[in-house]
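What follows is a set of notes on a single structure, which appears directly below.
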Amino acid sequence: MSLLSALLNHMPPTIAGNDSPKVRSRPTRPHLVLADRAQHPSAFVPHPHASAATATPQWRNARDHYLNHIMACRSCYAPSGRHCAAGADLRAAYDTTPMEAHP
């Protein structure tokens with residue numbers, strides 16, 4: 001006895017000439033329910049996170065100088081870490097400049 005025949009043994013037999021169930025021409029629309037915010041905690045983290053928008057002006061300046069250089073310099077290739085002397089200096093300044101101002 002196969003697994004399929006064991007499953008089919010529990011199904012009622014089909015009757016010849018019996019029409020299939022009526023299929024609606026349009027699917028039913030889902031019902032919208034208002035969710036209470038207390039039941040679903042917000043995924044938003046209330047504390048500030050580090051991004052370019054919240055970064056210090058010094059960090060943005062160092063980032064912009066570095067990116068402008070590597071986009072124009074034919075000797076620099078950032079994915080492999082290859083930089084010319086000026087690019088290496090700009091990358092070091094970018095890496096050491098703090099992104100957030102610590103009071």
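Computed from the coordinates by the stated procedures, all read-outs in this text should not be read as laboratory data. Small disclaimer: the values here were computed from a predicted structure and weren't measured. Here the Cβ is made from the backbone with ideal geometry for all residues, glycine too, and neighbour counts use every protein chain on show.
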- Message: For the pair residue 7/residue 99, report the inter-label distance in nm, with labels modelled 7 Å from Cα in the Cβ direction.
- Response: 5.0
- Task: Can you tell me which of 62-68, 50-56, 92-98 comes out highest on packing, and rank the rest after it, using the mean Cβ neighbours within 10 Å?
- Result: 62-68, 92-98, 50-56
